[in-house]
Amino acid sequence: QVQLVESGGGLVQPGGSLRLSCAASGSIFNFYVMGWYRQAPGKQRESVATITSGGTTNYADSVKGRFAILRDNAKNTVYLQMNSLNAEDTAVYYCNIKIGPMSYWGQGTQVTVSS
């Protein structure tokens, strides 16, 4: 069993920055994919950024050049650094970890970009 605890969401003005954190605990093995997803009202959940245990990253086109996914292996923690935020980034952001066939989700954290 794996638990994910997210933090760092909030209200930010357009052009601002936020950093989300996701701490994983439990049976974390060597090979996994961790990532951030988001779901805006009335829209489907979409992938924002992922990082493998080997360090390979992948980003949605809409966030390339603005967001960065980082990890601290010693703390089993993944971060999402979000810069140049705009209203289209407003959503609930979810942390996810995939270990083999298993997939675990965090509780979600709200990010609102508004002036």
Just subtract the alpha-carbon distance of Glu88 and Asn73 from 0.36 nm times their residue separation and send over the number in nm, one decimal.
-> 2.3 nm
Fully extended, how many nm does the chain gain between Ser47 and Gln3 (0.36 nm per residue separation, minus their Cα-Cα distance)?
-> 13.9 nm
Length gained when the stretch Arg66-Met102 is fully extended (0.36 nm per residue, less Cα-Cα span) | 10.0 nm
Cα-Cα P(r), the chain, percent of pairs per 5 Å interval = 2, 12, 25, 26, 19, 10, 5, 1, 0
Which of these, Thr56, Thr90, Thr77, has the largest mean-square fluctuation under a Gaussian network model of the chain (Cα springs below 10 Å)?
-> Thr56
Quote the FRET efficiency, to the nearest 0.05, computed for Gln81 versus Asn58 with a Förster distance R0 of 22 Å and r equal to the Cβ-Cβ distance.
-> 0.90
Those trypsin sites (Lys or Arg not before Pro) in segment 10-115 that DSSP places in a loop and that have at most 12 other beta carbons within 10 Å = Lys43, Lys64
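Every number here is computed from the coordinates shown, using simple stated rules; none is lab data. None of these values were measured; they are calculated from a predicted model. A quick note on method: Cβ atoms are made from the backbone with ideal geometry, for glycine too, and the neighbour counts reach across all protein chains shown.
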